[in-house]
Amino acid sequence: MKRVVVTGMAGITALGQTADEIFANFARGKSGTRYMHEWDKYADLRTRLGAPVDHFDVPKHFNRKVTRGMGRVALMSVISAERALEDAGLLGHPIIQSGDLGVAYGSSAGSVDAVCEMGKMLLDGDMDLMNATTYIRMMAHTSLVNITVYFGIKGISLPTSSACTSGSMSIGQAYETIKYGKQTVMLAGGAEELSAPGAGIFDVLLATSGMNDHPERSPRPFDAKRDGLVVGEGAGCLILEELDHALARGAKIYAEIIGYASNTDGTHVTRPDHESMARCMQLALKDAQIDAEKVDYINAHGTATDHGDVAETQATAQVMGYKPISSLKSYFGHTLGACGTIEAWLSIEMLLRQQFIPTLNLDQIDPLCGELDYITGQAKQMAAQTVMTNNFAFGGINTSLIFRRYN
């Protein structure tokens, strides 16, 4: 079996589009959450909070001909993929179109605008808004398809549309594809665009935050006064590479992926099961061939929902023991299909910087949450070698990834 390393990383978030910019905003305790005046027209929508990417600059070479089949989610995906390939020193490299490079990429859904175009036909019998790109922009694998077409990729395609584990599952499947010798390089990631219906899905489940007058105070993962999640948007991409290939071309190596697992609750569509979550972490440790004590930090899914936070932290404490943990969703909301990749990217950055970011707005830990070393207030400086990042999705789909410093 092959060893798999990360040689390129990029992302787009409400807190910035480079790691340095994002970490500077972490240090300032800046929140990406704001009041969404755009949603005031939806009278029945309880939440007015979102974490949009307000300053998303599209490079000039993404002209109309290039972007005509891309909605916002696909555009963010392709741009993050281009930046990650550039970071890896592979942009324009012959391997991209050789068949030895594949893609695993996912989102919860395609673009809402395209859904509306088709919806008008269904509701009004009017096809005026539909065009040749409507379905391409709305399909769940729009990001992956646009990435393969833009770069001319001929390798394996693994679309992952599994809600909040879309991004982490893409990394896991890409890792396994290289590990078992099917590809040499994989582009892996996830993305999501912000929309009122995206918030509405959680609103009807009473899972969104109602702190509309104080957007900077929400979300509040693990806090006793948390009142729900804030939906965000963004994209992330990692370039995974077989170790010998990376060494042969003199690539910089950010980290090594040593463990991945995914399982399913099989019990309820929206109610989390802490035993299945725990089993997923155990399987990831088994894949990595390490004991729990070797993991120095855990990046939590941490959505700030009542049942989710409790189930996740109890499962984590059960398997991992008393370990440092924090949730980055406290800064830029729940980016759904993007969160697994964005959080993996920034977890690797924390590992490289030896600086572990606190959970924002965590003032009073909920006593029902598991007994863990919750990082609050200031970043935690520590000599760490290994991190775990976990994500859990609707449908009871669980993922766990383990990264280690490459020496």
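The values are calculated or read from the model by the stated rules, or taken from the named source; none is laboratory data. Treat the numbers as computed from the prediction; the structure is a model and nothing was measured. Virtual Cβ from ideal backbone geometry, glycine too; neighbours counted across all protein chains shown. Quick note on the areas: whole protein, heavy atoms, side chains included, nothing else; ligands and nucleic acids left out. Shrake-Rupley method; radii C 1.70, N 1.55, O 1.52, S 1.80 Å.
In terms of the Cα gyration tensor, with a ≥ b ≥ c the square roots of its eigenvalues, is the stretch 266-407 rounded because a/c is under 1.5, prolate because a/b exceeds b/c, or oblate? Don't skip to the answer; put the middle values down first.
On the way: a/c = 1.43, a/b = 1.17, b/c = 1.22.
Taking the square roots of the gyration eigenvalues as a ≥ b ≥ c, the stretch 266-407 is rounded.
A Gaussian network model of the chain, with springs between Cα atoms under 10 Å, assigns the largest mean-square fluctuation among Val231, Val185, Val295 to Val295.
One Cα centroid belongs to the stretch 136-162, the other to the stretch 168-199; the line between them spans 11 Å. Past 32 Å, Cα to Cα, is the threshold; run Lys179/Lys323; Lys225/Lys323; Lys2/Lys60 against it and keep the listed order. Beyond 32 Å: Lys2/Lys60. For the chain, a Gaussian network of Cα nodes joined below 10 Å ranks Cys116, Cys237, Cys369 by mean-square fluctuation, and the top entry is Cys116. For the stretch 1-88, the share of accessible area belonging to carbon and sulfur comes to 48 percent (1.4 Å probe, ligands and nucleic acids excluded). So what is the orientation-averaged projected area of the stretch 236-311, using the convex hull of its C-alpha atoms, in nm²? Projected over every direction and averaged, the Cα hull of the stretch 236-311 covers 7.1 nm².
Give me the percent of the accessible area of the stretch 325-377 that comes from carbon and sulfur atoms, probe 1.4 Å, all protein chains in place. Percent of accessible area from carbon and sulfur atoms in the stretch 325-377: 47.
Ratio to report: Rg/Rh of the stretch 36-105, with Cα atoms as the point set and Rh obtained by the Kirkwood method; give two decimals.
1.13
Here the chain has an Rg and Dmax of 19.9, 62 Å, counting Cα atoms alone. You can think of it this way: the chain between Thr264 and Leu91 has 58.6 nm of extra reach, that is 0.36 nm per residue less the Cα-Cα gap. Of all lysines in the structure, those lying under 16 Å Cα to Cα from Lys154, and not within fewer than 8 positions of it along the same chain, are Lys182.
Computing FRET efficiency as 1/(1 + (r/R0)^6) for Gln378 and Tyr322, where r is the C-beta to C-beta distance and R0 is 25 Å, gives about 0.85.
Surface composition of the stretch 101-162: carbon and sulfur make up 64 percent of the accessible area, probe 1.4 Å. If a paramagnetic tag sat 7 Å from the Cα of Arg28 along the Cα-Cβ line, which residues of the stretch 309-348 would have the backbone N under 18 Å from that point? Zone members listed by number: 330-333.
What trypsin sites (Lys or Arg not before Pro) in the stretch 250-300 are in a loop by DSSP, with at most 13 other Cβ atoms within 10 Å of the Cβ? Walk me through the numbers before you get to the answer.
On the way: sites: Lys252, Arg279, Lys286, Lys294; in loops: Lys252.
Sparse-neighbourhood loop trypsin sites (Lys or Arg not before Pro): Lys252.
In this simple spin-label model, placing a label point 7 Å from the Cα along the Cα-to-Cβ direction at both Asp244 and His307 gives a separation of 4.9 nm.
With only Lys, Arg, Asp and Glu charged, each at its Cβ (+1 for the first two, -1 for the last two), find how big the charge dipole of the chain is about the Cα centre; round to the nearest 20 debye. Mind showing how you got there, number by number?
Values: 35 positive and 45 negative charges, 178 e Å.
Value, rounded to 20: 860 debye.
Sequence gap at least 6, Cα distance under 8 Å: using those rules, report the relative contact order of the stretch 251-407 to the nearest whole percent. List each step's numbers first, then the result.
Details: 322 pairs, mean separation 58.5, N = 157.
That works out to 37 percent.
Multiplying the residue separation of Met130 and Ala224 by 0.36 nm and subtracting their alpha-carbon distance yields 29.1 nm. Short to long, the 10 Å bins of the Cα pair-distance histogram for the stretch 5-77 hold 15, 34, 35, 15, 1 percent of all pairs.
For the pair Arg64 and Arg353, label points projected 7 Å from Cα toward Cβ lie 4.1 nm apart. For the stretch 227-267, the percent of C-alpha pairs falling in each 10 Å distance bin, counted from 0 to the bin holding the largest distance, reads 16, 29, 30, 18, 6, 0.
Averaging over every viewing direction, what projected area does the convex hull of the Cα atoms of the stretch 159-227 cover, in nm²? Mind showing how you got there, number by number?
Working: hull surface 27.0 nm².
Approximately 6.7 nm², given one-decimal rounding.
Rolling a 1.4 Å probe over the heavy atoms of the protein chains gives the chain an accessible area of 39 Å² per residue. Residue ranking by accessible heavy-atom surface, 1.4 Å probe, largest first, among Thr335, Thr184 comes out as Thr184, Thr335.
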